[in-house]
1. Those residues that are among the β-branched types (Val, Ile, Thr) and either more than 17 Å from the chain's Cα centre (by Cα) or at pLDDT below 95 (or both), I need them from segment 146-183; list them, please.
2. Mind checking whether some residue in segment 6-16 is part of a helix (DSSP H, G or I) and either in contact with a Leu (Cβ under 8 Å, 6 or more places away or on another chain) or at pLDDT below 95 (or both)?
3. Going through segment 129-155 one residue at a time, which ones are within 26 Å of residue 26 (Cα to Cα), surrounded by 15 or more Cβ atoms within 10 Å (Cβ to Cβ) and hydrophobic (A, V, I, L, M, F, W, C)?
4. Of (1) surrounded by fewer than 21 Cβ atoms within 10 Å (Cβ to Cβ); (2) closer than 12 Å to residue 130 by Cβ; (3) not acidic (Asp, Glu), residue 90 satisfies all except one. Which?
5. How do the pairs read when you match residues in segment 9-31 that are touching a residue at least 24 places away in the same chain (Cβ under 8 Å) with residues anywhere that are within 14 Å of the ligand (Cβ to nearest atom) and in a helix (DSSP H, G or I), using Cβ under 7 Å and keeping only pairs 6 or more apart or on different chains?
6. Among the residues of segment 121-176, what is the count of those that are assigned to a loop (DSSP other than H, G, I, E, B) and within 16 Å of the ligand (Cβ to nearest atom)?
7. Can you give me the number of residues within segment 8-27 that are more than 15 Å from the chain's Cα centre (by Cα) and surrounded by fewer than 14 Cβ atoms within 10 Å (Cβ to Cβ)?
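The values are calculated or read from the model by the stated rules, or taken from the named source; none is laboratory data. Remember, predicted model here, so these are calculated numbers, not experimental data. For neighbour counting, all protein chains shown are included, and Cβ atoms are generated from backbone atoms with ideal geometry for every residue, glycine included.
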Amino acid sequence: MAENILRDANADDAAALAALSRETFLATFGHLYRDEDRDAYIAQSFSPSIQAAEIADPKTRHRLAERDGALIGFAKFGAYKLPAAIAEASARELHRLYVVEDAKGTGVADALMRWAIDQAVADGAAAMYLGVYQDNHRAQRFYARYGFERFGEYVFEVGAARDAEFILRLSLPRAQNGRQNSR
Ligand SMILES: CC(C)(COP(=O)(O)OP(=O)(O)OC[C@H]1O[C@@H](n2cnc3c(N)ncnc32)[C@H](O)[C@@H]1OP(=O)(O)O)[C@@H](O)C(=O)NCCC(=O)NCCS
């Protein structure tokens, strides 16, 4: 059986990560938008040059899951950017967590989530946040398994569409020996 490999992204992954981001975004949310809004959002969010810039950004970390040399999932982690005021200056955000259809339910997403939690704890973050579409019930069940709790709501705009999103918060234990956040 093919083995799943997890590794950090590097500059050479930009094109493949852009393709995977487009594929998984379309599969999950493509039906929600007008064609022109969807295409504009994808172009402005998931081009190889944007992925390259995000991979190079020292405040952002990408973890890739690979099987047989092909990407099957990824997590994007970094600074807190959601539009809700929070108390913790140390907070981190799980910006994206996507796996391809046939990797769902196989533990790949768990491995990516454990990596993100480890990153946040090692950074000395008191909490990790994420945004999730209110009708994305599978993702919400998954996040609840890790102890994420409802913190707030916001609206995510894609062209004419206004998606209602939940902000979820995970309380984190203090790192014993990890990197301490300097912010
Ligand atoms: C969200 C995601 C990363 C979760 O990974 P996964 O491997 O599918 O998660 P799991 O199968 O381990 O867990 C899913 C949970 O939802 C449940 N579930 C499955 N289908 C469901 C559905 N249609 N509605 C509600 N719950 C559902 C499962 O039973 C499981 O819950 P349980 O552990 O309490 O039984 C993955 O589904 C994914 O990449 N989805 C598409 C992209 C996406 O939505 N990303 C998140 C954006 S915020």
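1. Let us first name the residues in segment 146-183 that are among the β-branched types (Val, Ile, Thr), namely 155, 158, 167.
Scanning segment 146-183 gives 155, 158.
2. Taking segment 6-16 as the starting set, the residues that turn out to be part of a helix (DSSP H, G or I) are 11-16.
Narrowing further to those that are either in contact with a Leu (Cβ under 8 Å, 6 or more places away or on another chain) or at pLDDT below 95 (or both): 13, 16.
Scanning segment 6-16 turns up at least one residue that is part of a helix (DSSP H, G or I) and either in contact with a Leu (Cβ under 8 Å, 6 or more places away or on another chain) or at pLDDT below 95 (or both).
3. Selection gives 130, 132, 139, 142, 148.
4. (2)
5. 27/101
6. Of segment 121-176, the ones assigned to a loop (DSSP other than H, G, I, E, B) are 123-126, 134-136, 146-148, 159-160, 172-176.
Subsequent filtering for residues that are within 16 Å of the ligand (Cβ to nearest atom) retains 134-136, 146-148.
Selection size over segment 121-176: 6.
7. Here the count works out to 5.
To keep it simple, each residue is scored yes or no on (1) within 15 Å of the ligand (Cβ to nearest atom); (2) free of Cβ contacts under 8 Å to residues at least 40 places away in the same chain; (3) not hydroxyl-bearing (Ser, Thr, Tyr).
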{"site": "54", "(1), (2), (3)": "no, yes, yes"}
{"site": "74", "(1), (2), (3)": "yes, no, yes"}
{"site": "79", "(1), (2), (3)": "no, yes, yes"}
{"site": "82", "(1), (2), (3)": "yes, no, yes"}
{"site": "90", "(1), (2), (3)": "no, no, no"}
{"site": "95", "(1), (2), (3)": "yes, yes, yes"}
{"site": "99", "(1), (2), (3)": "yes, no, yes"}
{"site": "108", "(1), (2), (3)": "yes, no, yes"}
{"site": "119", "(1), (2), (3)": "no, no, yes"}
